[in-house]
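To start, the structure itself, in structure tokens.
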Protein chains: 2
Amino acid sequence: MENNIVGEYTFKVFPSEVDFRKKLTLPNLTNYLLNSAGNHAEIYGFGLREVNQNNLSWVLSRIVIEMYKYPYNRDKIKVQTWVESVMKMFTMRNFEFLDKNGETIGYARTIWALIDKDSRKPIDLVKQGIPFRICDTKECPIAKASKIPTVKADVKETFSVKYSDVDLNHHLNSSKYIEHIIDAFTLHKFSKRDIKRFEIEFLAECKFGENISLLKCECPNNEFIVELQNEEGKIVSKSKIVFGDQDLDEKYDLGV
Amino acid sequence: MENNIVGEYTFKVFPSEVDFRKKLTLPNLTNYLLNSAGNHAEIYGFGLREVNQNNLSWVLSRIVIEMYKYPYNRDKIKVQTWVESVMKMFTMRNFEFLDKNGETIGYARTIWALIDKDSRKPIDLVKQGIPFRICDTKECPIAKASKIPTVKADVKETFSVKYSDVDLNHHLNSSKYIEHIIDAFTLHKFSKRDIKRFEIEFLAECKFGENISLLKCECPNNEFIVELQNEEGKIVSKSKIVFGDQDLDEKYDLGV
């Protein structure tokens, strides 16, 4: 069991998971991350299926991802995951991404709460007696989630939550928040720079049929803040997207 | 080599690939199908990478899928694929889907053309000397693609082609056509019925930034026709979606 305190999962990048540059997209990387977290939690008996039996559910509060290099189409990627800490209402789970040669290509930090499925309110993790196994020997050298400012900008676009957007719980899927957010950028932007750091704070659930507004503002240092709001003007997520500070070596013909 | 004339590939369904009913979605099933086709073509030396070297590219003209049963979250699914025939301008590749117990859960038929990457025009497959290996012993018992009528209906909605929609060739990804099409249906519809048969005819490529209109009309016998048109009113795809003729046994609480 001691050996499993850091879980390791390997994925092979599908053609359908890459963008026009043949690089794995952030929403698909997030799917690998969520899948690894789920599998690892299951080993210790606190996966989604297990907690569901007590009418509880895991919800993501924050994700921070930093990538030094993105895997390409058909590349293998290893995802290592471990629990960093457990507080009363939250637990922190970290990730390291490695390429096929075992070289580190990125890290991620996530924060989770366990909620009651009816009240949708968080449960005291310590009282609940979840059998966490904390790893205090593995480092995650990226900065923790920062406080993301509120956007002062006009609505850039709106979308409604559709069949393909919703997850098992009938809410907008975590990786679909990210897909809608990065779709606020052009191919031209991605042809010049990679996303170096991505942060998201999930503040409210979005149901099927809800109309969501996207607000985007550009800050200095290649940073963008993107906010999603529901019809009542409530902020459902805040995110910060930091593009690399140097142009990519590769040249992409956008053909438009 | 003879043994590979039917390729077989196994996939494990990710939580991110299922819908609110925990069933694999059609666009994700299509990704499995495309991935299997790509891997199988590669064995014989006519995969995308190989033909790309001659400035050629495979494009999908038609997909027909019939599903008797959909796999659930974490289920394994086997995809068998083989080439049925080769004509001057088209080749037909079929698929059988099997569940973890080896039971057939569906079939698919696809039609492909090989195009010149610059002219975007199809190449004579016979003259080109592609090393196809035709399998004439395996049956695909579903009806071939039918002629899909033109829709007489108002525009239901529009969407623009975004970063996450485009593939390696900077065009709307085949499975994203299907995602946009099935997103024209409600959770309520999927809570009652599965899609039993899905047909799509790809008629034109869609580039990043293009605004696409979706037209939908309901026909008798649980059939729907959905058409996508570009800004010039050109039809880019036609599809026919047939839902099952009986309500599902499962009951889904839509929570809305």
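Brief remarks follow.
- By accessible area with a 1.4 Å probe, ligands and nucleic acids excluded, highest first: order of A:ARG93, B:ARG74: B:ARG74, A:ARG93
- Rel. contact order, % - alpha carbon contacts under 8 angstrom, at least six apart, region A:192-247: 45
- Backbone N atoms of region B:31-75 closer than 18 Å to the 7 Å Cα→Cβ label point of B:SER85 belong to residues B:61-65.
- Alpha carbon convex hull of region A:143-182, volume per residue in cubic angstrom: 122
- A from B by rotation - nearest chain B beta carbon to the axis, in Å: B:PHE159, 4
- Carbon and sulfur %, accessible surface of the protein assembly as shown computed with the full protein complex present, 1.4 Å: 48
- Modelled this way, with points 7 Å down the Cα-to-C-beta line, the labels at A:ASN55 and B:VAL155 are 4.8 nm from one another.
- In a DSSP loop and with at most 11 other Cβ atoms within 10 Å, the trypsin sites (Lys or Arg not before Pro) in region B:169-256 are B:LYS234, B:LYS251.
- At 7 Å out from Cα toward Cβ: B:PHE159 inter-copy label distances (nm, ascending): 0.8
- Region B:96-153: C-alpha gyration tensor shape, a/c 1.5 cut-off, then a/b vs b/c: oblate
- Candidate lysines for bridging to B:LYS127, where Cα separation is under 24 Å - those fewer than 8 sequence places away on the same chain excluded: B:LYS88, B:LYS117
- Considering only B:TYR68, B:GLN229, B:SER146, the residue lying farthest towards the positive end of the dipole of the protein assembly as shown is B:TYR68, judged by Cα position with unit charges set on Cβ.
- Base-10 log of normalised Debye intensity for region A:17-72 (one unit scatterer per alpha-carbon) at q = 0.14, 0.20, 0.29 Å⁻¹: -0.51, -0.80, -1.16
- The phi-based Karplus calculation (6.51 cos²θ - 1.76 cosθ + 1.60; θ = phi - 60°) puts the 3J(HN,Hα) values of region A:99-104 at 7, 4, 8, x, 7, 5 Hz, whole numbers, x for Gly and Pro.
- List of region B:175-216 residues, accessible area with partners at least 30 Å² below that of the chain alone (1.4 Å probe): B:GLU179, B:ASP183, B:LEU187, B:LYS207, B:PHE208
- Label geometry 7 Å along the beta-carbon vector: A:PRO220 inter-copy distances in nm: 7.0
- Rounded if a/c under 1.5, otherwise prolate or oblate - region B:1-110, Cα gyration tensor axes: prolate
- Label-point spacing for B:GLY209 across the identical copies (point 7 Å from Cα in the Cβ direction), in nm and ascending order: 3.7.
- Relative contact order [Cα under 8 Å, 6+ residues apart], chain A, whole percent: 18
- Distance from the alpha carbon centroid of region A:207-221 to that of region B:36-85 works out to 36 angstrom.
- Of the GluC sites (Glu not before Pro) in region A:115-203, those whose Cβ has at most 13 other Cβ within 10 Å and which sit in DSSP loop: A:GLU139
- Computed log₁₀ I(q)/I(0) - Debye formula, equal Cα scatterers, no solvent, the protein assembly as shown, q 0.06, 0.13 Å⁻¹: -0.28, -1.45
- Cα-based Kirkwood hydrodynamic radius, region B:112-256, one decimal, Å: 17.6
- Once the 1.4 Å probe is applied to the protein heavy atoms, region B:159-223 comes out at 34 Å² accessible per residue.
- Structure note, pairs A:LYS234/B:LYS22; B:LYS12/B:LYS192; A:LYS156/A:LYS238; A:LYS234/B:LYS176: Cα-Cα distances above 22 angstrom occur for A:LYS234/B:LYS22; B:LYS12/B:LYS192; A:LYS234/B:LYS176.
- If you wrap the Cα atoms of chain A in a convex hull and average its projected area over all directions, you get 14.6 nm².
- Potential extension, A:ARG193-A:ILE142 segment - 0.36 nm per residue separation minus Cα distance: 16.4 nm
- Over region B:7-46, the reciprocal of the mean inverse Cα-Cα separation, the Kirkwood hydrodynamic radius, stands at 11.1 Å.
- At a probe radius of 1.4 angstrom, the accessible area of region A:1-148 per residue rounds to 44 square angstrom.
The values are calculated or read from the model by the stated rules, or taken from the named source; none is laboratory data. Keep in mind it's a predicted model, so treat the numbers as computed, not measured. Every residue, glycine among them, receives a Cβ derived from its backbone with ideal geometry; neighbour counts consider all protein chains shown. What goes into the accessible areas is simple: the full protein's heavy atoms, side chains included, and nothing from ligands, DNA or RNA. Shrake-Rupley method; radii C 1.70, N 1.55, O 1.52, S 1.80 Å.
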